[in-house]
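To start, the structure under review is shown below, and the notes come after it.
Where a number appears in this text, it was derived from the coordinates with a stated rule and is not lab data. Here the structure is a predicted model, which means the values were calculated and not measured. Neighbour counts are summed over all protein chains in view; Cβ atoms, including those assigned to glycine, are modelled from backbone coordinates with ideal geometry.
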Amino acid sequence: MKYFESQTDIQALFSRTKKLEWVVKLLLFLWLITVIFFVFSNLFWQVKSEGQPKSLTLNRLTIVDENGTERVVIAGSVPEPIILGKRLNTGRKASGILLLDEEGNERSGYITTNGYPNVLFGLDSLGRQQSLFLTEPHGSTAFWIWGDNNNAFKVSVGSDSSKFEIIKNGKASLEIPERSKKQEDKNEIHK
Amino acid sequence: MKYTNKYAPLISLFTFGFLLFISTNSNQLRAQNDTAEAVLRGHKKGVTDLVFSPSGDSIISSSLDGTIRIWDLLKKSREKIINTNNGEIYAVAVSSNGTFIASTGKKGKILLTNAIKGITEKVFSELKGWSQTVVFSPDGKQIAAPTGSGTITIWRVDSKGHNRIIKSKRQPTTLAWSPDGKTLAGGSFNITIWNAKTGKVNKILRGHSYTIRSVSFSKDGKFLASASLDKTVRIWDVEKGKILLVLKPKGFSRYWQGKPITDPIDVPILAAEFSPDGKYVATAGADRMIRFWEINTGKLIRTILGHKMSITALSFSPDGKYLASSSLDRTIRIWNLHKETKMNRR
């Protein structure tokens, strides 16, 4: 009992025990705080995940490729067409889906137009519209394909007539029903 | 005295690393392992237009990324970037003394930028839409651009005097000022040539069947070259108003499994520029090739491959030794026309 012989040693031991008691209490307190934090944060995330929206409302969604080039645009107001580095100033106001090629050129659109509400689906080459499938609000529907040298194929169906046309070098090579003489005369006057 | 340093290997390693860093970062103008003399990289989106400065020591480019960049070809330092706050930039032009740059962008502003300070000094127009082209007069004192509703506006750079309005049936997609400054050519579906002073129509050149994307005068002003989405380039005699040549570039270049191949199809042409000596015209576009045509014979004499996407603009250096091309592949390439090696000569 060499170490506890004096009164001073006993007092020092007592003081150290007190300190240790405080440390244990502090650690216990911190442990409790941590537990409470984890319990509450878990509850919070649970509440948050339950509160996640089931629908997404936005004006424009743009999909880009690995180079950052816009490839798909879904928008309430689609941008004007961009062709080979220049954006056209068409005044087009429409909503729908656009597809763009690796250079960023608009190559296809599936849109409804504002003002006169047509719905249309178009496929474009570099710089030109090559095919168009269109339905007007009152029901008339048309399908056009254009090629080089003013070659075209047109089919249209309305409420009181239907038409089929094959155009070669800008002139109708087949037209069903055939244009009436009266209509041709009328067109001649208009020329 | 014997020199010893135990840190010598560390110091040399650090120095080597530092030099490597400098060489890869500060020098944008470095030759690439392709046919181009130099490839300028930096634009974040497609490059829409470019022009050599009148001195030939720098190139000014515009991009869909909204910036104009000035590439110093002598110092080979990092390019000067001008953020225009004008949206996508579609065209640039430089004044005859090289001090000013005019540009047009999607936000509808025609901007005059000081090329030396790199700051925008004037905003000439706030359009409802936007114009796709802007040009300087040969004396560098005026700027012309389409301003919508069938008008082309001519502004004085010094803002002295009135702006002049030229009426145009269609909004031109491209403009060119004749070297003598007397006429202005605008391309849409046709090419209209106006008297730049009075605004009267001198001639209408008809022949293209679709949108014209570029018109440029030969140095003597006698000829005009036009490139169109109708896949042809036409060379016109300006005085007679007649077509001299119809060039039909055929062949679309692309890379397949890392190797260049050419499909035998014709595609829209976006640029046609006369060489400074007037003997050749260079054309390029969605074909991704640069072709040189002899004006006298109409023969294709050379093709250059290298760009991986459509070529939007061409510009010859004033001495005719170099040709610069801009592309939607985000690069600008400079071609040494006197170097026969690697170029595909026909």
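Counting Cβ atoms of other protein chains within 10 Å of each residue's Cβ and taking the mean over peptide B:40-48 gives 2. Computed from point charges on the beta carbon alone (+1 for Lys and Arg, -1 for Asp and Glu), the dipole magnitude for chain A about its Cα centre is near 500 Debye. Ordering B:S326, B:V215, B:W130 by the projection of their Cα atoms onto the charge dipole of region B:34-345, which places +1 on the Cβ of Lys and Arg and -1 on the Cβ of Asp and Glu, puts B:W130 at the extreme positive end.
Can you give the convex hull volume of the alpha carbon atoms of the protein assembly as shown per residue, in Å³?
Here the figure is 331 Å³ per residue.
Within chain B, the longest run free of exposed loop sites, counting GluC sites (Glu not before Pro) that sit outside DSSP helix and strand states (H, G, I, E, B) and have at most 13 other Cβ atoms within 10 Å, spans B:1-238. Here chain B is assigned +1 on the Cβ of each Lys and Arg and -1 on the Cβ of each Asp and Glu. Its dipole about the Cα centre then comes out at about 300 debye. Between 0 and 90 degrees, the angle of helix B:8-25 with respect to the longest Cα principal axis of chain B falls at about 10 degrees.
Dipole check for region B:188-293: with +1 at the C-beta of Lys and Arg, -1 at the C-beta of Asp and Glu, and the Cα centre as origin, the magnitude is about 140 Debye. When shorter helices are ignored and each DSSP H run of at least 4 residues is given -39500 (n - 2.57), the per-residue value for chain A at 222 nm works out to -10000 deg cm²/dmol.
Compute the helix-to-body angle for A:181-190: its Cα long axis versus the longest principal axis of chain A, expressed 0 to 90° and rounded to tens. In chain A, helix A:181-190 runs at an angle near 70 degrees to the longest axis.
In this structure, the pairs whose alpha-carbon distance is over 25 Å, taken from B:K200/B:K240; B:K44/B:K117; A:K168/B:K231; B:K76/B:K321; B:K45/B:K279; A:K86/B:K248, are B:K45/B:K279. Classify chain B from the C-alpha gyration tensor, please: rounded if a/c falls under 1.5, else prolate or oblate depending on whether a/b exceeds b/c. Verdict is oblate for chain B. Comparing A:R87, A:R128, A:R16 in a Gaussian network model of chain A where C-alpha atoms under 10 Å apart are linked, the largest mean-square fluctuation is found at A:R16. Only helical runs count toward this figure. For chain B, summing -39,500 (n - 2.57) over DSSP H runs of n ≥ 4 and dividing by all residues gives -2000 deg cm²/dmol at 222 nm.
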